[in-house]
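Quick notes on the structure that follows.
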Amino acid sequence: MSPSVRNEVLAISVVASVGALAAVASGIDPTVRLVLALPLVVFVPGYALIRAAAPAAPLSPVAGFVLALGASMALTVLGGLFLQVTPAGMTSASWADLLFLISMFSAIVLAWRSRHLVPDSGPRGPSVVDLVRSGERRTIAVYGSLFLASAVIVVAAFGVAIYGFDNQPRPGFSQLWILPAGDQATATIGIDNDEGQAIDVALTLTLGSTVEAEWPSINLADGARWQETAVVPGFATGDQPLVATLTRVGFPDSVYRYVTLWPSAQLPTSS
Amino acid sequence: MTVTPPRSQTLSWVPVVRIKQHAPSDASGPGWAPVIALIGAIGLLAFAIATVLARQSPGVVAPPTADILYWAAIFLVTVPGGARLLSTRPAGGERLFILVVIGLGLYLIKMLHDPTMFTFFDEFLHVRSTEDILRTSRLFDPSPMLPVSPSFPGLEISTAAIVSMSGQSIFVAGAVLLAVARVLLVVSLYLFYVRIGGTERLAGIAAFIYMANPNFLFFVSQFAYESLAIPFAVFALYVVARRQYGDDPRLRSWLLVGLAITATVITHHVTAFALIAFLALWGVAALVLARRGTRSRAPLMPAVLAGVVTFGWLVAVAGIVVGYLGPAVTAAANQIVSLTRGDQARQLFSASGAPQAELWERVIAYLGILALLLGLAWGLWVIWRRGNLTAPVAALAVGALAYPASLAGRLTESGAILSDRAMPFVFVAVGFVVAAGLDRRRFAASATTPPLSPVKTQDPARGAPRRWKSIVQPAMLVLIMASGVALSFPVWARLPGAYLVSADPRSIEPEGIAAAQWTAGQLGRENRFVVDRVNRLLLGAIGDQHPVIASFDQVRVRSAFFSPELGRDEIKVLGDAQIDYVLTDQRLSSALPVVGVYYEKGEISGGRWTEPIAPEVLAKFDGVDDVSRIFDSGDIQIYDLRTLTAR
C-alpha cells in the first residue's frame with residue numbers, strides 16, 4: 001500500500017470514528033456534535049466508497065470532492081431505507097453505526113485492493129507548506145484574510161437579521177383557556193402571558209348568573225403561566241356552560257378574554 | 001499517483017490517456033473569488049439590514065430604503081461574480097469558487113429572510129414529515145398536510161439523520177443540509193457542462209444563467225423535497241456524463257450512477273420524471289446522431305435504470321403521486337385550452353389582496369425574458385451552424401425549447417404553477433444554450449473536436465473581446481439575473497414584514513405559533529381540525545394536529561367554515577368529517593387573502609374574493625349549545641366540537 005492510500009484510510013477511520021462517537025455521545029454541545037458528525041453524513045462514506053470502488057483510478061480534487069459529496073448524501077438517503085427494515089429504525093445510534101460501518105468497510109476494501117499498487121514516484125503538486133516556504137505566504141494570507149472577513153460579515157448579517165426578527169413590532173397577547181379536568185365537576189383554567197410585559201388581570205368564573213370563583217388580581221410576568229383547577233359542584237349536573245372571563249385590572253367592564261366549558265365536554269385525548 | 005485505469009474498465013473507443021486531460025483546471029488558485037466573496041458578504045449584510053427595516057414597517061410592501069437595499073444585495077452577490085465569469089482570464093478553480101460564492105450567497109439571502117425558523121408554506125409540510133420520522137424512527141407515517149411527502153422521504157431522511165446525530169433542531173439541520181446540497185448542485189452543474197464539451201468559460205456562464213432561474217433564489221432554497229432532489233438530479237447528469245466518456249472504471253461508475261439516480265427518485269417525483277425525460281432525450285439524440293454518422297453513445301442503461309427505479313418506487317411505495325399530480329396537470333391543460341378559446345388570461349404580477357410589483361420591475365422581468373429568448377435563438381443557431389453535435393449538447397438544445405413553451409402556461413393559474421415548477425429543470429438546458437451563444441467560438445472549438453479534447457481556459461491568439469461584446473454581454477447577464485429575481489417571489493413576500501392575511505410567510509407570527517404549541521401541549525396529537533390555510537400549517541407542523549382539507553381528506557368542510565351560521569347542514573358536514581375542533585382567526589375578516597384563498601382552492605365561486613370574510617362567519621361557533629370555547633388569545637379562538645359532531 002502506498003503512503004497516500006495509507007493516509008487516506010487513516011483519515012477516513014479517524015473522521016468516521018470521531019463523527020460516530022459525537023453522534024452517540026451525550027453532554028456535548030449540539031453545535032460541536034453537528035461539526036463533528038456532519039462529515040459522516042455528507043462526505044466520508046461516499047468518499048470511502050468511491051475510492052474503494054476504484055483504488056487505481058485517482059480523482060482530481062474537485063471531482064473527488066463533488067463525487068464524495070453526492071455519493072454520501074445519496075448513501076444517507078438509501079441508508080434510511082435500510083434502517084427502516086431493521087428493528088432499531090432510525091436512531092442516533094443506528095445512524096452512527098450504519099454510516100461508520102459503510103465508511104470503515106469501504107476503507108478496509110480500499111486498503112485491501114490497494115495493497116499491490118505501486119507508490120507514485122512522479123512529481124507532485126506543491127502542498128500548502130511548500131507554498132508558504134516558497135514565498136506564496138503573502139498570497140495565502142491575503143486570500144485567507146478576505147475569506148475570513150467575508151465569514152465575519154456573513155455572521156454579522158445573521159446577527160442583524162436575528163436582531164430584526166426579535167425586535168419586530170408585534171402586538172402582545174395573552175391566552176386564556178379552560179379544559180375539563182377529569183372529574184366532571186372540575187375544570188382547569190390557565191392564563192399565559194405573551195404581552196411582552198407583566199400584566200395584572202382579574203378572572204371570574206361564573207355558572208349561569210352565579211359567580212363560582214373569583215381571582216381579583218393575578219400578576220403575571222412576561223412569559224409566565226398561571227393555572228388553577230376549580231371545583232364547581234353544580235356544573236356536572238347542570239345544562240349551562242361554565243364561563244371564565246378575564247379583565248385587565250382597572251378595566252373591569254371590558255372583557256379581555258373569555259372561554260366557556262359545557263358539562264358535556266370530553267377530556268382531551270392527551271389526558 | 002497517476003495510475004491509469006485498466007483498459008478493460010473503460011469504454012473501448014475512448015483513448016485512456018485523454019481521461020485526465022479533460023478535467024477542469026481545478027489546481028489553479030481562487031483568483032478574484034475571495035474579493036467577490038467579500039463583496040457578496042457585504043451584499044448579505046445589506047439584505048439583513050433590509051429585513052430589519054422591512055420588519056419595522058407596518059406596510060404591505062417594504063419601505064423604499066429596504067427595497068433599494070434588497071436590490072443592492074442581489075447586485076452585490078451576483079453581478080461581480082457574473083462579470084468575472086464573462087472574462088476569459090479566470091481558470092477553472094476560480095470560476096468554481098465564484099459560482100459557489102454566488103450559489104451560496106443566494107441561498108443565504110433566503111436564510112436571512114427568516115433566520116430563526118422555516119416560514120414558507122411548503123417548509124411546514126416537510127417539517128411535519130421530518131417530525132413524524134423523528135417521533136416514530138420509521139418512514140412512511142401518513143402525513144395529513146402533504147400525503148405524498150412521506151412517499152418521497154429523501155429530504156426528511158437526510159435531515160432526520162443530521163438531527164439524530166447532532167441534537168440540533170430540524171431548522172438548523174435542514175438549513176445546513178440544503179447549504180451542502182446547494183454546493184453539490186452548483187459544482188455538479190459546472191462540471192457537467194464542462195464534461196459534455198463546454199469550455200470552462202461557457203460552463204461558468206451557463207451555471208450563472210441557471211442560477212437566474214426564477215425559482216433559484218427562494219423556491220429551491222426552501223426546506224422542501226425539490227431543493228434536495230434537484231442537486232441529486234444534476235449530480236446524476238454529471239456522473240452519467242462521466243460514465244459516457246469513460247472517466248471512471250465500471251464499478252465506480254455504476255455505483256455513482258445508481259446512487260445518484262436512486263436518491264433522486266426517492267426524494268422527489270417531478271425531478272425523477274424530469275431526469276428520465278432528459279436521459280431519454282439524450283439517448284434519442286445519440287441514436288439520431290449515430291444515424292447521421294456522428295459517433296455518440298446513448299446513455300441507455302442509466303435511462304433504463306432511472307425508469308425502472310422510478311416505476312418500481314411508484315408501484316411499491318408512491319402510487320399516491322398519480323392522484324396528486326394528475327389533477328394539477330389536467331387543470332393546467334384545461335385552462336390553456338380555455339385560453340385558446342378566448343377566456344381571460346391570468347393577470348401577471350398580481351394577487352387578490354396585494355399590490356403589483358413596480359412598473360420598472362415588471363419591465364425588467366419582461367426584458368429579461370426577452371433577452372433569454374433572443375439568447376436562446378442565438379445559442380441554438382450557433383449550435384446548429386457549427387454542426388458536429390454531441391448527443392448531450394443536442395439534448396440540451398432540444399430541451400431548451402421547453403422554455404418558450406412554458407411561458408405560455410404562465411397565462412393561466414394552474415399553468416403558472418407548472419411553469420414555475422419546470423424552471424429549475426428547463427434552465428439546465430437554457431443556461432447551456434444561451435451561454436453557447438455568448439461563448440460561441442470557444443464552444444465551437446470543443447464541439448468540433450472529440451469530446452475528450454483538452455479544454456483551454458484562455459486563447460492567447462484570440463486577443464481582446466470586441467467592445468460591443470464587453471457591454472452587451474454583461475448587460476444581458478445582469479438583465480437575466482434581475483428578471484429571475486423579479487419573478488422569483490411576489491413583492492410582498494420577498495422581504496419579511498408586518499402581518500398580512502393569508503400571506504404564507506407574512507402570516508407566520510407568535511400568536512398563531514403559541515396557539516399551535518398550546519394544542520400540542522393540552523389536546524394531544526392528531527385531533528381533526530377545521531382551520532384556515534395559514535394556521536393549518538402551524539397546527540400541523542408545530543401542534544402535531546390533523547387539519548382537514550378537501551384535497552387530502554376527501555371531505556369538504558370548508559362549507560361549514562364559510563357558512564354564516566352553524567345549522568343542521570353544517571353540523572352534518574362536520575360530523576361526517578369527524579371534526580374534533582375548529583380554530584378561528586378573527587384577523588381573517590380584516591382583509592382580503594393575499595394568496596387568494598382563506599381556506600383552500602375552490603372556496604369561492606368566481607375564484608376571487610372581492611370583500612373580506614364577514615366577522616360573523618368566524619364568530620358563529622360562539623353561544624352554540626355543547627360547543628365549548630376552550631381557548632382565546634384575542635385573535636384566535638379554539639372550539640371543542642366533539643360533543644356536537646359525535647351525535
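The values are calculated or read from the model by the stated rules, or taken from the named source; none is laboratory data. Fair warning: this is a prediction, and the values are worked out from it, not measured in the lab. Ideal geometry is used to build each Cβ from the backbone, glycine not excepted, and the neighbour counts take in all protein chains shown. Protein only, heavy atoms only, side chains kept; ligands, DNA and RNA dropped before computing areas. Shrake-Rupley method; radii C 1.70, N 1.55, O 1.52, S 1.80 Å.
Points to keep in mind about this one:
- Net charge dipole size for segment A:172-271 [Lys, Arg +1 and Asp, Glu -1 on Cβ; Debye, nearest 20]: 100 debye
- Solvent exposure ordering (accessible area, 1.4 Å, most first) of B:Tyr324, A:Tyr163: A:Tyr163, B:Tyr324
- The fraction of accessible area contributed by carbon and sulfur in segment B:269-327 is 73 percent, rounded to a whole number (1.4 Å probe; ligands and nucleic acids excluded).
- Computed over segment B:553-615, relative contact order equals 32 percent, with contacts defined as Cα pairs under 8 Å that lie 6+ residues apart.
- For B:Trp468, the solvent-accessible surface computed with a 1.4 Å probe is close to 140 Å², ligands and nucleic acids excluded.
- Here the Karplus curve 6.51 cos²θ - 1.76 cosθ + 1.60, taken at θ = phi - 60°, turns the phi angles of segment B:562-573 into couplings of 8, 5, x, 9, 9, x, 5, 4, 5, 5, 5, 4 Hz, with x standing for Gly and Pro.
- Shape call, segment A:1-121: gyration tensor on alpha carbons, a/c limit 1.5: prolate
- With 20 Å bins from 0: P(r) over the protein assembly as shown, alpha-carbon pairs, percent: 13, 43, 31, 10, 1
- Gained length - A:Glu214 relative to A:Ala156, 0.36 nm times residue gap less alpha-carbon distance: 15.8 nm
- When shorter helices are ignored and each DSSP H run of at least 4 residues is given -39500 (n - 2.57), the per-residue value for chain B at 222 nm works out to -19500 deg cm²/dmol.
- Relative contact order computed over segment B:495-647 (Cα-Cα under 8 Å; 6+ residues apart), in percent: 25 percent
- Theoretical FRET efficiency, 1/(1+(r/R0)^6), r = Cβ-Cβ of B:Trp360 and B:Asp553, R0 35 Å, to 0.05: 0.20
- Exposure rank, largest accessible area first [B:Phe552, B:Phe97, A:Phe251; 1.4 Å]: A:Phe251, B:Phe97, B:Phe552
- Seen against the Cα atoms of chain B and their longest principal axis, helix B:154-166 is set at about 80 degrees.
- ³J(HN,Hα), Karplus 6.51/-1.76/1.60, whole Hz, each residue of segment B:287-300, x for Gly, Pro: 5, 5, 5, 5, 5, 8, x, 8, 6, 7, 9, 7, x, 5
- Full-stretch length increase - A:Val142, A:Arg6 - with 0.36 nm per residue and alpha-carbon distance subtracted: 45.6 nm
- FRET efficiency, 1/(1 + (r/R0)^6) with R0 30 Å, evaluated for A:Ala221 and A:Val35 via beta carbons: 0.25
- Considering only A:Ala151, B:Ala475, B:Ile157, the residue lying farthest towards the positive end of the dipole of the protein assembly as shown is B:Ala475, judged by Cα position with unit charges set on Cβ.
- Gyration tensor (alpha-carbon) shape descriptor, segment B:551-647, a/c threshold 1.5: oblate
- Phi-based couplings in Hz for segment A:50-58 (Karplus 6.51, -1.76, 1.60; Gly and Pro marked x): 6, 6, 5, 5, 8, x, 8, 10, x
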